[in-house]
């Protein structure tokens, strides 16, 4: 009986201290009207394929879609923004993610993150935020995902101003 009590206390303690996963956060926020959860095929990102080199095109081809969670900051939800930003930063700044790259655009700053190993990533995630617009969390979904391809793709997106264009398109959708 004593062992069962100790086991229960340990399990309860470990369960309470577990950081929420990105997947759990997506599910929890999917019904919240302040969030938009969508899948975006890479074909509609606004990337000009004609200016991509062979390496960038191969990187783009290895990703089929982005699973996007977006919090659009408005006057009505401005008080919720810092809480949500803190919650998502707590998840992505945890030990399970390694920061691969930092991106900056005129309106947007972001991070490319990795969960798992460089050789075989479990998840590749992009997080971006703009204090006046909100934040965006995108999970890269694809086949034969490789970290170096995600970095090449991120640099191509940044060079072509796709981050800014995507923010404008999503802003118009809402």
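Points worth noting:
- Whichever residue in the range 91-116 is touching a strand residue (DSSP E or B) at 6+ places or on another chain (Cβ under 7 Å) and part of a loop (DSSP other than H, G, I, E, B) and, among such residues, is surrounded by the most Cβ atoms within 10 Å (Cβ to Cβ): 108
- Restricting attention to the range 59-77, the residues that are part of a helix (DSSP H, G or I) and in contact with a helix residue (DSSP H, G or I) (Cβ under 7 Å, 6 or more places away or on another chain) add up to 2.
- Qualifying residue in the range 20-30 (condition: in a helix (DSSP H, G or I), in contact with a strand residue (DSSP E or B) (Cβ under 6 Å, 6 or more places away or on another chain), crowded, with 16+ Cβ neighbours inside 10 Å and modelled with pLDDT of 80 or more): yes
- Scope the range 64-79; condition under 14 Å from residue 34 (Cβ atoms), in contact with a strand residue (DSSP E or B) (Cβ under 9 Å, 6 or more places away or on another chain) and surrounded by fewer than 16 Cβ atoms within 10 Å (Cβ to Cβ); matching residues: 74
The values are calculated or read from the model by the stated rules, or taken from the named source; none is laboratory data. These figures come from a predicted structure and were not determined experimentally. All Cβ positions, glycine included, derive from the backbone under ideal geometry; neighbour counts span all protein chains shown.
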